[in-house]
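The block underneath contains the structure these notes are about, expressed in structure tokens.
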Amino acid sequence: MFLPFIFNTITWEQRKLGECFNERTERSSIGELISVTMNSGVIKASDLDRKDNSSKDKSNYKKVEIGDIAYNSMRMWQGSSGESTFRGILSPAYTVLIPNKDISSTFFSYYFKLERMLEIFKVNSQGLTSDTWNLKYPTIAKIVVSVPTLKEQIQIGNFFKQLDDTIALHQKELAKYQQIKAACLEKMFVE
């Protein structure tokens, strides 16, 4: 597979993340509960195969809108972040970023998963041990990154989104064929 684009990253603008994103501080108790995972990004909490341990009182929960980037403040350095494709509410322990007009959340959702970015997030996280490291908005806002034009961000983000969609499709097909194989083996070797 080849990249359908080649960009001169030298021309990308150096900007602080605080110039790219604002923090969403709006609170709401109304909305679907969402979660942020390392592998799947932002998902509906109801899609997780685990018990709901969220607080009964959700009045302090953070509002999340479509296109926001949400991240686990204690696990950003491990890649626990993603772009939200739906509205919902999230535990106040998380941070929600609102993209500025010249920013593609899709692009940054992939950018934030790069090993070098995870290392930058790790170095900038604060706390005594890795169990308590935290990366809140005032700190992440100071991190300087290379930012392409919005057009380039959209092209790059769409390319990786298409790759993810293709991978997901093939994983579903693989699971289907594995089920067919298992069923055939069961029927073939009847005692």
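The values are calculated or read from the model by the stated rules, or taken from the named source; none is laboratory data. It should be emphasised that the depicted structure is a prediction, and the values quoted were computed from it without experimental measurement. As a convention, Cβ positions derive from the backbone with ideal geometry for all residues, glycine included, and neighbour counts pool all protein chains shown.
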Which listed residue, of Thr139, Thr166, Thr132, is without any contact (Cβ under 8 Å) to a residue 12 or more places away in the chain and more than 15 Å from the chain's Cα centre (by Cα) | Thr166
Give segment 56-71 a look and list any residue that's assigned to a strand (DSSP E or B), out of contact with any helix residue (DSSP H, G or I) (no Cβ under 8 Å at 6 or more places or on another chain) and crowded, with 19+ Cβ neighbours inside 10 Å, or say none.
-> Lys62, Val64, Ala70, Tyr71
Taking segment 1-48 and keeping residues of a type in the set (Val, Ile, Thr), at pLDDT 80 or above and farther than 13 Å from Val64 by Cα leaves Ile10, Thr11, Thr37
Selection count, segment 100-123, where residues are among the basic types (Lys, Arg) and surrounded by 13 or more Cβ atoms within 10 Å (Cβ to Cβ) | 2
What pairs come up if the first residue lies in segment 10-22 and is free of Cβ contacts under 8 Å to residues at least 12 places away in the same chain, the second is part of a strand (DSSP E or B), and their beta carbons are under 6 Å apart, counting only those six or more places apart or on different chains?
-> none
Is it the case that Ile156 is in contact with a Leu (Cβ under 7 Å, 6 or more places away or on another chain) and buried (at least 17 other Cβ atoms within 10 Å of the Cβ)?
-> no
Taking segment 49-62 as the region of interest, how many residues are of a type outside the set (Gly, Ala, Ser) and at pLDDT 70 or above?
-> 6
Before we move on, is Phe108 hydrophobic (A, V, I, L, M, F, W, C) and out of contact with any Phe, Trp or Tyr (no Cβ under 7 Å at 6 or more places or on another chain)?
-> yes
